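Accompanying notes for the structure given below.
Taken together, the values in this text are just the output of simple stated rules run on the coordinates, not laboratory data. Please read all numbers here as calculations on a predicted model, not as lab measurements. Because the Cβ atoms are built from the backbone with ideal geometry, glycine has one as well, and the counts that use them run over all protein chains shown.
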Amino acid sequence: MNYNGMSNMQAFRYLPNAFELATAPLFYLYLLALTEKDFKWRPKYLLHFVPFAMAEMYALWLFFGSYELPTVNAKDLFANRFHYGSIKEIEDWLIVASILTYLYFGYQKFSHFQQQVKNNTADSAYPTLHWLRNILFLSGVLIIWLVVNMFLSRLSLIDQETQIHWKLYFIYQAAVTYYLGFMAYRQQQPDLEQIYHSQNTQESLKVTAEKAQMLTTELLVLLNEKKIYLDPGLNIRQVAKRLSVSPSVLSHVINERLNKSFRELINDYRIEDIKIKLTNPENKASILSLALESGFNSEASFYRVFKNSTGQTPKAFMNNHPR
């Protein structure tokens, strides 16, 4: 509407079509819905939309208050009389503050979720929501671009007739929005019961050195002798039950004693297991079959973990270690 001429038509002048103050809190609440156990809508969440509601009420009042005026110039005079330019300036900077604030808190929530996944499940097919990291990064680019455009417009450094910097900005904004929608449509709700448990920090801190050493030894027996890592859906609850401790205590011991997350520990054993199979001359099975035998249940995650662990693809590893 801003660039196809409609906003210069009398009927559409000052049509309230700006929703930027709502998009950041909406994305943040969507992120909470994906990553928080037992998330439910609560009336207090409406507070996130107070700035948007105030801006929208002003926009609606301006639109209907000037609707009967006969010309665009008359509408502009009416808007200027009620400080339209100053209020839009405040609104623009509120948008910047809103995106920055929700990016910060969104990243905190996302990082916490990722750590919970690492500490509580070794299921290689478990959704880790990596695409949300892309959204956060793209939104960071968006906010930088927005601030640059605001300064360019205010300093009149670009031809105001073409507004090319704003046109490109809105195209980028639309692309990010469609990407979010597409990925959200494909996304399955993670099983949060698998990664969230009642964490007792005090209980973890009370674990003695002797108890921690004993648990570490018993855990290594389960890994080396029982080969529990071959279970593709293995999670920390199952292992903690076998060791007769709480998941929070076991997670604490793994982090402190082995300097790894539960997921990293299990994947290390799976990688070592498949490396042996890949270099076994008697093993004629496909790489994917071997990966499944070693406890992976996702081809994509297997290749990613193997590359991160060894620095090379499975085929390159086989070429460097001939059977």
**Asked** What net charge is computed for the residues neighbouring ASP231, neighbours being all others with C-beta under 14 Å from the C-beta of ASP231, Lys and Arg scored +1, Asp and Glu -1?
**Response** +4
**Item:** trypsin sites (Lys or Arg not before Pro) within the stretch 220-252: DSSP coil, no more than 15 neighbouring Cβ in 10 Å
**Value:** LYS226, LYS227
**Request:** Take the alpha-carbon centre of the stretch 8-25, take the same for the stretch 219-236, and report the distance between them in whole Å.
**Result:** 56 Å
**Request:** On a 0 to 90° scale, report how tilted helix 50-65 is relative to the longest principal axis of the chain, with both axes built from alpha carbons and the result rounded to the nearest 10.
**Result:** 30 degrees
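Under unit Cβ charges (Lys, Arg +1; Asp, Glu -1), what dipole magnitude, rounded to 20 debye, does the chain have relative to its Cα centre? Could the numbers behind the result be given before it?
Working: 32 positive and 27 negative charges, 132 e Å.
In debye, rounded to 20, the chain gives about 640.
Using Cα-Cα distances under 8 Å and only pairs 6 or more residues apart, what relative contact order does the stretch 50-162 have, in percent?
24 percent
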**Prompt:** With no solvent and one point on each alpha carbon, what is the Debye value of log10 I(q)/I(0) for the stretch 1-101 at q = 0.24 Å⁻¹?
**Reply:** -1.27
**Message:** Projecting each Cα onto the charge dipole of the chain (Lys/Arg +1, Asp/Glu -1 at the beta carbon, about the Cα centre), which of ALA97, PRO314, HIS48 comes out farthest on the positive side?
**Reply:** PRO314
**Asked** When the C-alpha atoms of the stretch 97-254 are aligned to their principal axes, what extent does each axis show, in angstrom, from largest down?
**Response** 73, 32, 23
**Message:** Using a 7 Å offset from Cα along Cα-Cβ at PHE137, what residues in the stretch 168-189 end up with backbone N under 19 Å from the label point?
**Reply:** 172-184
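Please list, by residue number, every one of the GluC sites (Glu not before Pro) in the stretch 15-81 that is coil in DSSP and has at most 11 other beta-carbon atoms within 10 Å.
GLU68
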**Message:** Defining a contact as two alpha carbons under 8 Å apart and six or more residues distant in sequence, what relative contact order in percent does the chain show?
**Reply:** 19 percent
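Within the stretch 242-303, report the GluC sites (Glu not before Pro) that DSSP leaves as loop and that have at most 15 other Cβ atoms within 10 Å.
For GluC sites (Glu not before Pro) across the stretch 242-303 that sit outside H, G, I, E and B with at most 15 neighbouring Cβ atoms in 10 Å, the list reads GLU282.
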**Fill in**
The answer for ASN235, listing residues at least 5 apart or on another chain whose modeled amide H is closer than 5 Å to its amide H, is ALA122
**Request:** Calculate the dipole size of the stretch 66-156 relative to its Cα centre from +1 charges on Lys and Arg beta carbons and -1 charges on Asp and Glu beta carbons; express the result in debye to the nearest 20.
**Result:** 200 debye
**Message:** How compact is the chain by the rule of thumb for globular proteins, expressed as Cα Rg over 2.2 N^0.38 Å?
**Reply:** 1.39
**Request:** Output the peptides 185-191, 89-95, 307-313 sorted from most to least packed, where packing is the average of other Cβ atoms within 10 Å over each peptide's residues.
**Result:** 89-95, 307-313, 185-191
**Complete:** With Cα springs under 10 Å, the Gaussian network model of the chain assigns the largest mean-square fluctuation among ASN80, ASN235, ASN134 to ASN80
